[in-house]
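Each value in this text was obtained by applying a stated rule to the coordinates, not by laboratory testing. This structure is a prediction, so every number in the text was calculated from the model and none was measured. Cβ: placed from backbone, ideal geometry, glycine included. Neighbour counts: every protein chain shown.
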């Protein structure tokens, strides 16, 4: 009992450790897929997963909004669920309208895209449950929920992928994991009690979630668009680039685990600008410190592991790992600034996100002739994005301080 009480007391500190460990377990998911799929199929799978990542922005946005509102005891959960249904209708209609083009662009089957859409639906409502966990600072239950999803997914994959070497099996494993995690969330939160709170119009919820959606959309667009384009234009090397991204996104996983804890702590201090600034600065330097330590690993240990983990046919990916790491550090630090803007209900950051997304996509489509172009382009555009967001955040804060608003 004392051990459990101690864990619960320090769960905010334990969460990043367990979440990072979980991403290590989840990493096996990608390694296992590379063993049983051809290099070209593995590239196609990652292109579909990139489309899925963009779709899952909706769930991430609702988790962020729900956590924020629960932390400050704001909008009730019933209005959040009503708004989610509206998003479901709009996004499903859009996806189905362009399913043919998406299939051509990703080189995936219509069945695979159908499963992808089902995963989106599951993830949206699962994310709201996770937002409640996060907002109530139930980080231990949030950890458990993530572990249930990943372990269930891997179990399904280990049983069925060796028998049926198909991309659809991989996607079904993702859906299965989310179903088990949703069941856990419903049981733990006693969903019938949760959804009856908060009557009223969904308009305020829709307005705020759209802003969060746009913010997260662009961030996840950046993590996905390069994989989609390289699979479409340079499919022969898309498997190599997919492995580079798998390593690069370790920085994303570790940093997001920390940011997940930072958000409710920062949200709870939004009324005290001095404490908020001190915490925001402190958390940023923590991120930089962790990223610096990880860069050492990208230069020394990780390149040696590529052939061992993914196979000799992917050995060329080891040459690009450090550049991929720098690219994702710039992106993650930009994402941290975006979250600060979301917490403070600021909006000026949307324009540079959209502008960078358009320019980066244009660059990759017209000049992305090799993996080098993709990585150096990413480093350049994401660094420029970070500097732009930092400048906007600093000067907007300075103006509001003078006006006595912030």
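What to note about this one:
- Among 227, 294, the ranking by other beta carbons within 10 Å of each residue's beta carbon, starting with the fewest, stands as 294, 227.
- Cα-based equivalent ellipsoid of the range 2-403: semi-axis lengths in Å, sorted from largest, via gyration tensor: 31, 25, 22
- Span from the the range 23-57 Cα centroid across to the the range 79-125 one, whole angstrom: 18
- Highest-first arrangement of 65-71, 368-374, where packing means the average Cβ count within 10 Å: 65-71, 368-374
- Convex hull (Cα only) mean projected area of the range 76-160, reported in nm² to one decimal: 7.0
- When each of the peptides 163-172, 138-147 is scored by the mean number of other C-beta atoms lying within 10 Å of its residues, the order from highest to lowest reads 138-147, 163-172.
- Zone of residue 109's modelled label, taken as backbone nitrogen in the range 161-189 under 11 Å from a point 7 Å along Cα→Cβ: 165-170
- Dividing the Cα radius of gyration of the range 237-334 by 2.2 N^0.38 Å, with N the residue count, gives 1.32.
- For the range 163-191 versus the range 290-311, the gap between their alpha-carbon centres in whole angstrom: 30
- Look at 333, 226, 272 and count the other Cβ atoms within 10 Å of each Cβ; fewest to most, that gives 272, 333, 226.
- Pairs of alpha carbons in the range 27-66 whose separation is greater than 16 Å (percent): 48
- Our summary gives the chain a relative contact order of 22 percent, counting only alpha carbon pairs under 8 angstrom and 6 or more residues apart.
- A Cα-only calculation for the range 255-406 places Rg and Dmax at 18.2, 61 Å.
- Ranked by the mean number of other Cβ atoms within 10 Å per residue, highest first, peptides 338-349, 46-57 order as 46-57, 338-349.
- Prolate/oblate/rounded call for the range 320-402, Cα gyration tensor, a/c under 1.5 rounded: prolate
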